[in-house]
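Just below is one structure, and these are the notes that go with it.
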Amino acid sequence: MEEMDMRRRTIEWAVAALVVLATSLPALAQGGKIDLSRLDYSATAVETVEVTLDGPLLRMAAKFMRGQDSDDREIASMIETLQGIYVKSFTFDGPGKWTARDLAAIKAQVGPQWQRIVNVKNRDGEDIEIYFLPKGDILDGIVIVAAEPSELTVVNLVGHIDLDKLSRLENQFGIPEMGLDPSKDVKGKK
Amino acid sequence: MRNLERGLQSALGRKPAPSGFADRVLEQLDDTRARRRRRKSLTAIVSRVAAVLLVGAIGLGAWMQHQQSVREMREAEAASVLVKLALHIASEKTNIAREQLSGGGSSATSNRNGGDGHETTND
């Protein structure tokens, strides 16, 4: 009898722990930041880009760019309203190197307060989802999840950002325009 | 009365200095002067050392501050490169999605206006 009581208590505790875990996942995304720490394919990817910029470093970058040319000043004005920039991008030597489960874990963090404003899927298996975190009239965070057969990219911008300004940036930095024409080979990999 | 006068004369009367008294006085005077000179030179040395240390400390502080600002500048420059890289990736993905939405061989759902969204298939 006592043993059954103990077993029941253990099950109750396990259920409670699961409930707490499940409810804490969207909470991680509160404030516009999602946890990308578990997304790691650096051991298997042929190219890994990982950017983590927040707090004083982001302020320092903004201050530095304010003193540069007009392009940099425009970027500085964009990032002044940001609290964090987090990017993880992995390029693989072939398809099937990343798991849908990892992607689902990222998307699970995007809670109900987020709005998915874009979901694009094409025949090449390219899947791009863009989520916004609205706060009044402004956007308080953006999550971009771009999954291709041999590439996985997650971008999380925390804070207010102008999406139109962001779109215009692609032609800057001396980098030629990329990916605007889907009929063209976007990255020379398709 | 006479005894008193005699006593006073004997007590206050001029007496010859003991032998070697003048030499001892002069010697003591020289000692005092030498001590003063030594003290002055010691003070000068201490002042010079203090001045050198002060100038050194100011110089070291300025150099450390310069090194700190150079380090911060390098960190800021590196951070700005990362900012550009991150925003470029975000911009690239946004533009691909935007282009697909405007109709290029894709199935796309846009919910931009906060409504239920619409779906476009261009396969």
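Taken one residue at a time, the phi angles of segment A:58-75 give Karplus couplings (6.51, -1.76, 1.60, θ = phi - 60°) of 5, 5, 4, 4, 4, 5, 4, 6, 4, x, 9, 6, 5, 4, 5, 5, 5, 5 Hz. Gly and Pro are set to x.
Work out the mean other chain Cβ neighbour count within 10 Å for the residues of A:49-59 and drop it here as an integer. For peptide A:49-59, the averaged partner shielding equals 4. For segment B:1-93, trypsin sites (Lys or Arg not before Pro) meeting the loop criterion (DSSP other than H, G, I, E, B) and having at most 11 other Cβ atoms within 10 Å: B:Arg14. The ranking of B:Met64, A:Met65, A:Met78, B:Met1 from fewest to most other beta carbons within 10 Å of each one's beta carbon is B:Met1, B:Met64, A:Met78, A:Met65. Where the alpha-carbon atoms of segment B:1-50 are placed on the principal axes, they occupy 69, 22, 7 Å, in descending order. Rounded to the nearest 20 debye, the dipole magnitude of segment B:24-76 is 440 debye, with +1 charges on Lys and Arg beta carbons, -1 on Asp and Glu beta carbons, and the Cα centre as origin.
When the pairs A:Lys88/B:Lys93; A:Lys63/B:Lys93; A:Lys121/B:Lys84; A:Lys33/A:Lys97 are compared against a 24 Å limit on Cα-Cα distance, A:Lys63/B:Lys93; A:Lys121/B:Lys84; A:Lys33/A:Lys97 fall above it.
Name the shape class, rounded, prolate or oblate, that the alpha-carbon gyration tensor gives for segment A:29-68, where a ≥ b ≥ c are the square roots of its eigenvalues, rounded holds for a/c under 1.5, and otherwise prolate holds if a/b is larger than b/c and oblate otherwise. Taking the square roots of the gyration eigenvalues as a ≥ b ≥ c, segment A:29-68 is oblate. The mean number of Cβ atoms from other chains found within 10 Å of a Cβ in peptide A:72-80 is 2, as a whole number.
Residue-wise HN-Hα couplings along segment A:85-95, as the Karplus relation 6.51 cos²θ - 1.76 cosθ + 1.60 with θ = phi - 60° gives them from phi, are 10, 10, 9, 9, 9, 10, 10, 10, 7, x, x Hz; Gly and Pro carry x. Using only side-chain charges placed at the Cβ, +1 for Lys and Arg and -1 for Asp and Glu, the dipole size of segment A:55-123 relative to its Cα centre rounds to 420 debye.
Bear in mind these aren't lab numbers, they're just calculated from the coordinates by the rules spelled out. None of these values were measured; they are calculated from a predicted model. With ideal geometry, Cβ positions are generated from the backbone for all residues, glycine too; neighbour counts draw on all protein chains shown.
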